[in-house]
1. Count charges around Tyr182 for me, please; just the other residues with Cβ under 15 Å from its Cβ, Lys/Arg as +1, Asp/Glu as -1.
2. With +1 on each Lys and Arg Cβ and -1 on each Asp and Glu Cβ, and nothing else charged, work out how big the dipole of the chain is about its Cα centre, in Debye to the nearest 20.
3. The chain: percent of C-alpha pairs farther apart than 25 Å?
4. Placing +1 on the Cβ of each Lys and Arg and -1 on the Cβ of each Asp and Glu in the chain, which of Thr4, His34, Ser57 has its Cα farthest towards the positive end of the resulting dipole?
5. Would you mind working out the magnitude of the charge dipole of the range 1-74 relative to its Cα centre, with +1 at each Lys and Arg C-beta and -1 at each Asp and Glu C-beta, to the nearest 20 Debye?
6. Classify the range 46-88 as rounded, prolate or oblate, taking a ≥ b ≥ c as the square roots of the eigenvalues of its Cα gyration tensor: rounded when a/c is under 1.5, otherwise prolate if a/b is larger than b/c and oblate if not.
7. What list of ³J(HN,Hα) couplings, whole Hz, do you get for the range 151-160 from phi and the Karplus terms 6.51, -1.76, 1.60, once you set θ to phi - 60° and write x for glycine and proline?
8. With a ≥ b ≥ c the root eigenvalues of the C-alpha gyration tensor of the range 1-74, is it rounded (a/c under 1.5), prolate (a/b larger than b/c) or oblate?
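No value in this document is a laboratory result; all are computed from the given coordinates. No experiment lies behind these values; they were computed from the predicted model shown. Here the Cβ positions follow ideal geometry from the backbone for every residue, glycine too, while neighbour counts run over all protein chains shown.
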Amino acid sequence: MIFTNTTIYQNTVIPYLISYNKTKGEYYYTVQLHDNPGFGTAVDYFPVIREEKVYLSVNRLFTCVDLYTGARIWQTALNANLLASNFLVLEDRIYAITEGTDPSLYCMNAETGSVIWKIPVTSGGQSKVQHYRGVLYFAGYYLHAVDATTGDVLAVVTAPSAYSNDSDFFSSRCTVDPETGYIYTVSQSTAYCYPPLR
């Protein structure tokens, strides 16, 4: 099992990544995720395991550790947390949407943590990033389509219901059918289905 936990030491909350063998009742490791209280202490979402690496974000710090040892491979500071939108690990890239005063879609190298490209998005509180045939889709006020390789914005769609009710916009819910590529999302009052761009 891989999970996160926090402890309090001298009035400081410290986040940890823990590897535990439930069958044997043994801990493999307990690793402190960072030692900088200025970056906060909340682990934003579940860790993602891919190719013997564990990826996770703790507020503004995105971290990659070795699955078997817990050794930190890299750590990258972003401009805000990923609490609502989380992230997607896809082949050799990571796609993550930050929230707050500078909401952005990041594309990072999964091996090094270096930022390949970064683009602003319309608002924070986006859905989790979805992928289909080289296009990233996500929703939050608008429905976005972005080229996964270049970061070029392919479409920004307003909820049709917003034209008659300006307070009716896309919520932060978006999913893509992996077989057909159809994009499903909702506004405050209406469900929508869109065909994929590719």
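1. Spelling it out: positives minus negatives among the neighbours equals +1.
2. With only Lys, Arg, Asp and Glu charged at Cβ, the dipole is about 240 debye.
3. Tail of the P(r) past 25 Å holds 41 percent of the pairs.
4. My answer, from the dipole projection, is Thr4.
5. The calculated dipole for the range 1-74 is roughly 80 debye.
6. Oblate, because a/c is 1.5 or more while a/b does not exceed b/c.
7. Calculated HN-Hα couplings, in order: x, 5, 7, 8, 6, 10, 10, 8, 4, x Hz.
8. Note, shape of the range 1-74 comes out oblate.
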